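Structure first, commentary second.
Readers should treat all values here as calculations from the given coordinates under stated rules, not as data from a laboratory. Bear in mind the structure is a predicted one, so any value in this text is a computation, not a measurement. Methodologically, a virtual Cβ is constructed for each residue, glycine included, from the backbone with ideal geometry; neighbour enumeration extends over all protein chains shown.
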Amino acid sequence: MPECKGWLLDLFEDSEDDVVLYIIARDGRRLRLHTCFPVTFYARGSNTELRTLWRFLSSQSPKPVLKRTRRFDAFTRQDETVLEVQVQRAFLQRPLFERVAKSFPHLTFDDADIQLSLRFAAATGVFPLAHCTVSFDEGDTLKSISPLEKAWALTPSRIPFRVMTIAPNCDPHRTLPERLEIDCGRSHYQLSLFPERGLLVNLKALLERFDPDILLTSWGDTWLLPYLLETSEKHSLPLPLNRESRKEVRWQKERSYFSYGRVVYRGQQVQLYGRCHIDRRNAVLWDDYGMEGTLEACRVTALPLQVSARSSPGTGISSIEILTALREGILVPWQKQQAEMVKPASELFLADQGGMVYQPVVGVHKNVAQIDFVSLYPSIMVNFNISPETIINDPAAENLVPTLGIGIDNSITGIVPKSLKPLLMKRITLKKETARLEAWDPRRQDFARRASALKWLLVTCFGYLGYKNARFGRIEAHQAVTAYARELLLRAKETAEAAGYEILHMYVDALWIRKEGGIDKEELDTLLEEIQLNTGVPIALDGIYRWLVFLPSRQNENRSVPNRYFGAFEDGSLKIRGIAARRGDTPSYIAGVQDRILKMLADWPDPAAAIPDIIQYLQQSIRLLKAGRVPVQELLVSQQLGRKLDAYTTLPAAARAALQLEGIGKHLRPGQRVRFVYTRQKDGVYAWDLGNAPDPAIIDVDQYVKLLIRANSEILQPWVGSEKDLVARLFASGGQLALPRQPKAHPALHARQPPANPCGALAIIRTI
């Protein structure tokens with residue numbers, strides 16, 4: 001019987017072969033194997049209804065295997081009697097369950113809609129991208145499969161992927177591309193879009209010759225693959241996008257939905273069979289952690305690569321918890337029906353306090369240390385065993401949650417801590433290894449990106465614990481986490497104060513502290529050890545600031561804002577939160593100017609000394625705007641549509657731009673972002689994706705000058721005063737910009753040069 005070692009690339013249901021697996025073998029072969037894989041779901045309800053369901057299922061062809069059994073329910077905290085329905089072929093389970101759910105709406109169902117890869121991983125230990133051993137017969141029927149590594153391996157085996165990168169030569173949503181840029185290994189190709197048949201012939205040849213495992217695209221979901229498929233059908237020339245020639249590509253429609261007080265948009269997806277398609281512009285957090293992090297998320301969540309790449313961290317956490325439940329024999333709810341515990345108003349007030357916030361002291365502070373608990377919320381869930389099934393509604397419980405009338409049952413370990421502990425430990429280990437490695441070591445970037453993928457999963461786990469529709473979400477568990485967090489932060493505060501430190505600010509999991517005479521590193525290390533001893537949660541130094549600014553509210557200068565600050569560390573690096581440069585709707589030109597000013601402040605031991613040069617630089621920046629020397633692309637505003645266009649009573653700028661796009665047949669959904677520039681026309685905006693560059697004469701330069709001044713007045717307020725004071729210094733000569741003196745030699749003061757190619761740049765509208 002043939003046997004080989006390799007990596008699981010893809011698996012999916014198939015009407016002929018039931019479950020198909022694609023394996024990248026060590027010897028370079030790409031194996032297509034198949035197997036029958038039984039799938040189980042459960043039903044609960046009255047004995048009468050279950051007997052009726054039994055008779056219904058017995059009449060189905062093929063008949064599933066039926067039996068009464070008991071399974072643990074995380075929400076009732078006890079074993080429940082259930083009807084187990086085992087469907088012998090995986091691809092038959094979904095249509096059968098849909099008929100059952102429709103015919104028996106009063107029953108409760110579990111394990112009904114679980115991703116195939118999760119079921120397979122729970123049964124075999126083999127997850128997508130896992131290194132494994134397979135044996136199979138002459139007909140390529142899988143006989144056995146076993147893992148050679150776990151998802152939590154620090155250094156998983158490197159997979160010899162064949163990656164083909166395809167991207168159009170420009171943004172297709174604005175301008176029709178002329179060609180495709182293609183990279184296969186070390187070879188680069190340019191394929192013209194016209195003639196279309198020539199494009200198809202050449203692309204087909206490349207796909208067949210290179211046979212990629214991963215198709216890595218830009219705009220692949222929203223333009224490239226739909227265009228190629230449409231063109232292929234038009235010319236009756238099939239493209240081998242799938243390795244599975246019998247199957248067509250999988251389409252997932254775009255959708256908008258409301259979550260946590262905001263509208264979320266999920267773009268159209270095109271997924272393949274036998275190879276994986278990743279659209280870099282539609283992949284979640286690709287810009288944050290790239291391919292390395294995407295592969296890591298795939299391994300730990302056990303979701304197929306092309307599914308994982310597009311899934312939110314919340315979906316990833318849910319998948320990890322479902323996998324844990326499957327392995328532990330715990331029921332996975334199909335549609336949750338658990339209600340929040342009934343509480344009097346006084347208890348609700350105590351329960352819903354959220355994370356602790358200690359209002360910062362507004363102004364400039366020197367020699368400030370920021371110390372952060374390491375993954376505080378996940379650590380609390382793990383250390384204190386917080387999970388839906390461990391919550392006890394008993395004020396007399398042995399392990400009471402601080403300030404809440406509920407306890408924790410430590411006689412069992414919950415699904416949530418079981419799921420999070422290996423995730424948490426792996427991230428901590430990766431971060432330690434990253435810090436240990438030299439800057440030139442290629443493993444450093446790999447470890448950092450993988451740690452970032454795990455970070456996003458851990459960041460999400462807290463919110464998902466309180467999400468009512470999460471499989472294992474429970475509001476009381478969510479409240480228990482914040483209660484413990486407040487308690488631990490107070491313990492940290494008391495420990496720091498006892499050691500002689502002044503608390504400037506506390507925010508959820510971090511403290512900003514200083515000490516008369518400055519920060520001593522050895523004393524600080526001792527403090528961190530004491531805090532960890534008193535809380536049971538690791539805490540680390542984020543950095544020591546030379547100076548740090550806590551900014552006031554824009555509405556009330558005497559009132560501070562918890563998460564709005566910036567400062568320079570001892571090494572000159574900056575940390576920035578809550579200002580224009582970090583907001584997604586700030587034009588890149590304005591964000592760039594603000595970033596440069598921040599760096600200028602950081603270059604001086606006393607930031608006040610940089611103000612004259614900063615004023616001069618701002619004058620230069622305004623002059624460039626008014627002289628039309630800023631490319632239009634750098635003035636783009638990107639804002640999200642909050643609702644359908646017909647639901648607005650007053651149209652904001654994004655909606656007005658979206659209406660312009662509607663006029664040329666480009667329809668946008670709530671949650672999508674709209675790009676536009678401000679103009680002096682009636683609408684006040686010009687939608688960038690109209691295709692043609694706007695007439696430079698219509699750009700509202702004054703609006704951009706206002707935005708520029710407003711953005712920088714917020715960071716210069718401690719040294720310059722109000723926005724009005726800044727305007728007075730900038731326009732010191734009767735409303736005109738004063739001619740600047742010759743700038744000092746300073747790396748941040750290099751004057752911006754007009755673009756070499758004037759195409760797309762503003763023409764000179766007016767001069768000063």
key: Cα-based reach from Lys63 at 21 Å (exclusive), listing lysines while leaving out same-chain residues under 8 positions away   = Lys102
task = With +1 on each Lys and Arg Cβ and -1 on each Asp and Glu Cβ, and nothing else charged, work out how big the dipole of the chain is about its Cα centre, in Debye to the nearest 20.
result = 1600 debye
message = Given the -39500 (n - 2.57) contribution per DSSP H run of 4+ residues, what per-residue ellipticity at 222 nm results for the chain, rounded to the nearest 500 deg cm²/dmol?
response = -11000 deg cm²/dmol
ask   = Where the centre of each part is set by its Cα atoms, how far does segment 191-216 sit from segment 15-43, in angstrom?
value = 28 Å
remark   = Semi-axes of segment 1-101 from the Cα gyration tensor (sqrt of 5 times each eigenvalue, largest first, whole Å) come to 35, 17, 10
remark   = Against the 2.2 N^0.38 Å rule of thumb, the C-alpha Rg of segment 387-468 sits at a ratio of 1.50
remark   = Proxy exposure order for Phe91, Phe109 (fewest C-beta within 10 Å first) is Phe91, Phe109
query = Quick one: Cα centre-to-centre distance for segment 556-600 and segment 44-60, in angstrom?
reply = 62 Å
Sequence of Arg450, Arg68 once ranked by neighbouring C-beta atoms within 10 Å, starting from the fewest = Arg68, Arg450
query = If the viscosity is 1.567 mPa s and the temperature 4 °C, what Stokes-Einstein diffusion coefficient in µm²/s follows for segment 525-598 when Rh is the Kirkwood radius over Cα pairs?
reply = 88 µm²/s
request  = Enumerate the lysines that Lys431 could reach by cross-link, defined here as Cα to Cα under 17 Å, with residues fewer than 8 away along the same chain left out.
outcome  = Lys421, Lys455
task = Pairs of Cα atoms under 8 Å, at least six residues apart: use those to get the relative contact order of the chain, whole percent.
result = 10 percent
query = When only Cα pairs under 8 Å and 6 or more residues apart are kept, what is the percent relative contact order across segment 163-328?
reply = 17 percent
inquiry  = Straight-line reach only, C-alpha to C-alpha below 15 angstrom: list the aspartates and glutamates that Lys432 could link to, leaving out same-chain residues fewer than 8 apart.
reply    = Asp441, Asp446, Asp542
inquiry  = For segment 373-408 and segment 629-651, what is the centre-to-centre distance using only Cα atoms, to the nearest Å?
reply    = 44 Å
ask   = Which ordering of Met1, Met600 is given by a fewest-first count of other beta-carbon atoms within 10 Å?
value = Met1, Met600
request  = Taking all pairs of distinct Cα atoms, average 1/r, flip it, and tell me the Kirkwood hydrodynamic radius of segment 585-737 in Å to one decimal place.
outcome  = 17.0 Å
task = Based solely on C-alpha atoms, express the radius of gyration and the Dmax of segment 163-328 in angstrom.
result = 17.0, 57
note = Using the Kirkwood radius over Cα pairs of the chain, the Stokes-Einstein translational diffusion coefficient at 37 °C and 0.692 mPa s, in µm²/s and rounded to a whole number, is 110 µm²/s
message = Give me the percent relative contact order of segment 606-749, please, defined on Cα pairs under 8 angstrom at least 6 residues apart.
response = 25 percent
